[in-house]
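Encoded as structure tokens, the structure appears first; notes follow it.
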Amino acid sequence: MSENNGNYNAENIQVLEGMEAVRKRPAMYIGDTGERGYHHLVYEVVDNSIDEALAGYCSMIDVVINSDGSLTVQDNGRGIPVDMHPTQKRPAIEVVLTVLHAGGKFDGSNYKVSGGLHGVGVSCVNALSDWMKVEVKRGGKLHHIEFSRGHVTKPLEVVGECGAETGTKVTFFPDHTIFSCHAFKWETLCARLRELAFLNKGVTIHFRDDEGEARHEETFHYDGGIDEFVSFLNTNKKPLSPVIHFEGEKEGLTGMVQAEVSMQYTDSYSTLEQTYCNNIHTIEGGTHLSGFRGALTRTINKYGADNKLLKEKDNLTGDDMREGLTVIVSVKVPQPQFEGQTKTKLGNGEVEGIVGSIVSDKLMTFFEENPSVAKTIIEKTLLAARAREAARAARESTRRKGVMDGLSLPGKLRDCSERDPSKTELFLVEGDSAGGSAQTGRDRATQAILPLRGKVLNVEKARIDRMLANAEIRTLITAIGCGFGEEWDISKARYHKIVIMTDADVDGAHIRTLLLTFFYRKMPELIEKGYVYLAQPPLYKVERKKKSEYVLTDGELTQKLLTLGLDDFEVKSKDGAVLDKDRAKALMTLLAEIEATCKMVEERGFNPEALVGDDSSQGSGASMLKKEFSSLSSYGYGTADWFGGGLKKLLDDVRSHGKQGLSVYRFKGLGEMDAKELYATTMDPSKRHMMRVKLNDAVAADQMFTLLMGDEVEPRRKFIEDNALNVRNLDF
């Protein structure tokens, strides 16, 4: 301000155009510059191929994470046009990839429905990529063009012949100066690509990961479409009905609106609703979801009343009718209105009535043709309603005592003095011993302590009335202050950090899982708002020369000992060459991983040497060992050098050297720390390590909670058997 005397003139107005605008404010276009935005780049490119499939011109999509970290999307669609644009006077492909709001989806002649209607998708990817290469098969010719950060670096040229083949191949490398995330995640992309294959029956999506040593490959193709999607979602649940499918179309304001619904009731107490518009996952719902919900409520009420299965006093609610329901609602809308470029909520008003009408007609017909299924569904909703009424009575009873409404806080809660929830923290502590230390050591102004006794109720297996009869659950609800069920109000949260602080052992992990199940199933908005955290207490205290240091994990301790041990210690490769410090540490880290894997395999009753030598062994432990031992070859060593004892001795010698003068103490629980130590290591905002709980994939989360915490034993047993050899941190 002092340099220009506070003047604010026309010269201060900065005009950003095209690619520069995207690079300056990327979050406006792709949501954020973290992991979510990094993967959103892939979705924008894949969505173009899917739009070709929706238009009837694409049946095969290949997605590859390349060895250099770039990503390729290739399809057999028509290929991006390469002829000269009539007004821009340059190739159409160049216009599409460098000009915002340029594309073939606005006039509706080429794409009746499309996800990428804003026209900024693939050009944004180009702007936010260090480089991009595009190949187009069209008109018998193979065309090639290259870009860097949104600008052409190699003009369009014909590089070969392609016969009758058509399609587009896009390869890009995200600009790591913009993104904090620097690698594509197999699991994240796998979930989205599988989802797209379900939503577009008949389309084949082939996904391969060529980066690093862990190669993955999977092909998604579902002729059953979203019916198979529902069955997939309910893999570990007990069905109460068949998968019910109906679809239809009606004229909307901008053209024909198509709606497709698949639904199935299970014996679970949770609801899973997945909604899509033009293949875009509308995670916040919208008019298509409200249309379905309203129609479901009306249809069940009408059928139940007409067939004397429901009485007026039953007073069912929409929540009752959706308990145990898994549903996919997919609509195709010619000109959808989304909230923002990331498209999380559908806003077209006419879609609500269209979906509602189709669902009402088709579901009523299904009920009339399948009365036994209709009766089972209504009985399920009646049980839900009775549980809700019992829970209401329990709430009323406790409210008269001032419990659960925030007027009377739990006696065991040690509250803080600050009343601004954005500044306060609630620590959920395992046991009275740790609770006492936390209470004494805390910052009383901003930190509240709630000790929990024993294991919290598993809400995955409990109806709402039984859940509210549990003292620990009621205490938790009261302390948080948001109410519950129909009275839920996130604005009444008394703390914006709810921290699960348990021991770093199996029991602590179980309590964490039970609490996370409660929050995910009964208070998901706390997770969505980012209010739920996991404390990370240290596992070790390391003392040297009267100085203490705390270490979080076994891996961190190993790295510390190896670093110290390599001081004044010479490590050689098999041919006798002395390794520099970095190579020496890499070798020692690899040996420590081999040691941990061998120990894990042995503890589960297997012979690690036999597993490595058996080419037919395909288990996770065998594949891990083989991968680790194959890495030894870069140092000239092999399996014989480990099992013969030479490399084991080398590892022990380095570790022993690192331990000289050190005292290492392992904490068995939070209660072993005094108040000052617990605060300094786990609660002090300036020093602590905490993880915020995020919900990246609702489908995966639902399936995992159902698998681990649900009633079905066999799927859980199979999961444990399949993954037993992957577990490293397990107390015996």
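The values are calculated or read from the model by the stated rules, or taken from the named source; none is laboratory data. In this text, all values refer to a predicted model and were calculated from it rather than measured experimentally. Quick reminder, even Gly has a Cβ in these numbers, built from the backbone with ideal geometry, and neighbours come from all protein chains shown. Please note that ligands, DNA and RNA were not included when accessible areas were found on the heavy atoms of the full protein model with its side chains. Shrake-Rupley method; radii C 1.70, N 1.55, O 1.52, S 1.80 Å.
Taken over region 55-71, the criterion of being surrounded by fewer than 21 Cβ atoms within 10 Å (Cβ to Cβ), of a type outside the set (S, T, Y) and in contact (Cβ under 8 Å) with a residue 12 or more places away in the chain is satisfied by A55, M60, D62, V64, N66, D68, G69. Within region 486-502, the set of residues being at pLDDT below 85 and within 24 Å of G411 (Cβ to Cβ) comprises E487 only.
Residue count for region 155-186 satisfying the condition of being among the charged types (D, E, K, R), exposed (fewer than 15 other Cβ atoms within 10 Å of the Cβ) and part of a strand (DSSP E or B): 2. Among the residues making up region 294-319, those that are in contact (Cβ under 8 Å) with a residue 40 or more places away in the chain and either on the phi > 0 side of the Ramachandran plot or among the charged types (D, E, K, R) (or both) are R298, K302, D314, N315, D319. One residue alone among G485, G481, G435 is touching a residue at least 40 places away in the same chain (Cβ under 8 Å) and touching a Pro at 6+ places or on another chain (Cβ under 9 Å), and that residue is G481.
Within region 327-373, restricting attention to residues that are of a type in the set (D, E, K, R) and open to solvent by less than 40 Å² (accessible area, probe 1.4 Å), the residue that is farthest from G286 (Cα to Cα) is K332. Within region 654-665, residues that are within 14 Å of V551 (Cα to Cα) and touching a residue at least 24 places away in the same chain (Cβ under 8 Å) have Cβ atoms under 6 Å from residues that are open to solvent by 60 Å² or more (accessible area, probe 1.4 Å) and part of a strand (DSSP E or B) in these pairs: L662/R544; S663/E543, counting only partners at least 6 apart in sequence or on another chain. Restricting attention to region 249-258 and to residues that are assigned to a strand (DSSP E or B) and out of contact with any Ser or Thr (no Cβ under 8 Å at 6 or more places or on another chain), the residue that is surrounded by the fewest Cβ atoms within 10 Å (Cβ to Cβ) turns out to be E251. Any chance region 270-277 includes a residue that's open to solvent by less than 20 Å² (accessible area, probe 1.4 Å), at pLDDT below 95, in a strand (DSSP E or B) and touching a Pro at 6+ places or on another chain (Cβ under 6 Å)? Yes - at least one qualifying residue is present in region 270-277. Considering (1) closer than 21 Å to C277 by Cβ; (2) touching a residue at least 60 places away in the same chain (Cβ under 8 Å), the lone condition that P242 does not fulfil carries the number (1). Set side by side, the residues S417, S422 differ, and just one is assigned to a loop (DSSP other than H, G, I, E, B), of a type in the set (S, T, N, Q) and at pLDDT 90 or above, which is S417. Residues in region 281-301 that are open to solvent by 10 Å² or more (accessible area, probe 1.4 Å) and farther than 21 Å from L240 by Cα: H281, I283, E284, G286, T287, L289, S290, G294. Consider L289 carefully, then state whether it is of a type outside the set (V, I, T) and farther than 30 Å from D320 by Cβ. Judged against the criteria, L289 is not a match.
Okay, residues lined up against (1) within 20 Å of the chain's Cα centre (by Cα); (2) not in a loop (DSSP other than H, G, I, E, B):
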| residue | (1), (2) |
| --- | --- |
| T188 | yes, yes |
| R194 | yes, yes |
| F198 | yes, yes |
| I205 | no, yes |
| R208 | yes, yes |
| D223 | no, no |
| K237 | no, no |
| S241 | no, no |
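Return the residues of region 193-235 that are among the acidic types (D, E) and closer than 23 Å to T706 by Cα; say none if nothing qualifies. Selection gives E195, D227, E228.
Considering region 187-216, and only residues there that are touching a His at 6+ places or on another chain (Cβ under 8 Å) and farther than 21 Å from Y276 by Cβ, the residue that is surrounded by the fewest Cβ atoms within 10 Å (Cβ to Cβ) turns out to be R208. Run down T513, T517 and say which single residue is among the polar types (S, T, N, Q), open to solvent by 10 Å² or more (accessible area, probe 1.4 Å) and touching a residue at least 40 places away in the same chain (Cβ under 8 Å). That would be T513, the only listed residue that is among the polar types (S, T, N, Q), open to solvent by 10 Å² or more (accessible area, probe 1.4 Å) and touching a residue at least 40 places away in the same chain (Cβ under 8 Å). Among the residues of region 178-196, are any on the phi < 0 side of the Ramachandran plot, without any contact (Cβ under 8 Å) to a residue 60 or more places away in the chain and in contact with a Ser or Thr (Cβ under 9 Å, 6 or more places away or on another chain)? No, every residue in region 178-196 fails to be on the phi < 0 side of the Ramachandran plot, without any contact (Cβ under 8 Å) to a residue 60 or more places away in the chain and in contact with a Ser or Thr (Cβ under 9 Å, 6 or more places away or on another chain).
Does region 490-504 contain at least one residue that is among the polar types (S, T, N, Q), open to solvent by 30 Å² or more (accessible area, probe 1.4 Å) and part of a helix (DSSP H, G or I)? Among the residues of region 490-504, at least one is among the polar types (S, T, N, Q), open to solvent by 30 Å² or more (accessible area, probe 1.4 Å) and part of a helix (DSSP H, G or I), which makes the answer yes. Only one residue in Y540, Y533 is in contact with a Ser or Thr (Cβ under 9 Å, 6 or more places away or on another chain) and either surrounded by fewer than 20 Cβ atoms within 10 Å (Cβ to Cβ) or not aliphatic (A, V, I, L, M) (or both). Which one? Sole residue among the options that is in contact with a Ser or Thr (Cβ under 9 Å, 6 or more places away or on another chain) and either surrounded by fewer than 20 Cβ atoms within 10 Å (Cβ to Cβ) or not aliphatic (A, V, I, L, M) (or both): Y540. State whether one or more residues within region 560-579 are within 22 Å of A504 (Cβ to Cβ) and β-branched (V, I, T). Among the residues of region 560-579, not one is within 22 Å of A504 (Cβ to Cβ) and β-branched (V, I, T), which makes the answer no.
Quick check on K572: is it open to solvent by 50 Å² or more (accessible area, probe 1.4 Å), closer than 30 Å to V542 by Cα, touching a Leu at 6+ places or on another chain (Cβ under 7 Å) and modelled with pLDDT under 90? Yes. Summed over region 635-652, residues that are under 19 Å from L562 (Cα atoms), open to solvent by 40 Å² or more (accessible area, probe 1.4 Å) and without any contact (Cβ under 8 Å) to a residue 12 or more places away in the chain total 3. The residues of region 666-690 that are without any contact (Cβ under 8 Å) to a residue 40 or more places away in the chain and of a type in the set (S, T, Y) amount to a single one, S686. Within region 61-83, restricting attention to residues that are part of a strand (DSSP E or B) and among the charged types (D, E, K, R), the residue that is nearest to V159 (Cα to Cα) is D75.
Just to verify a result, which residue in region 659-671, among those that are of a type outside the set (S, T, Y) and in contact with a Phe, Trp or Tyr (Cβ under 9 Å, 6 or more places away or on another chain), is surrounded by the most Cβ atoms within 10 Å (Cβ to Cβ)? The extreme case among them is F667. State whether the residues of region 452-470 include one that is among the β-branched types (V, I, T) and open to solvent by less than 20 Å² (accessible area, probe 1.4 Å). Within region 452-470 (the criterion being among the β-branched types (V, I, T) and open to solvent by less than 20 Å² (accessible area, probe 1.4 Å)), the answer is yes, since at least one residue qualifies.
Would you please name the residue that is most open to solvent (accessible area, probe 1.4 Å), looking only at residues in region 22-46 that are of a type in the set (D, E, K, R) and either in contact with a Leu (Cβ under 9 Å, 6 or more places away or on another chain) or more than 14 Å from W186 (Cα to Cα) (or both)? Per the stated criteria, the residue is R25.
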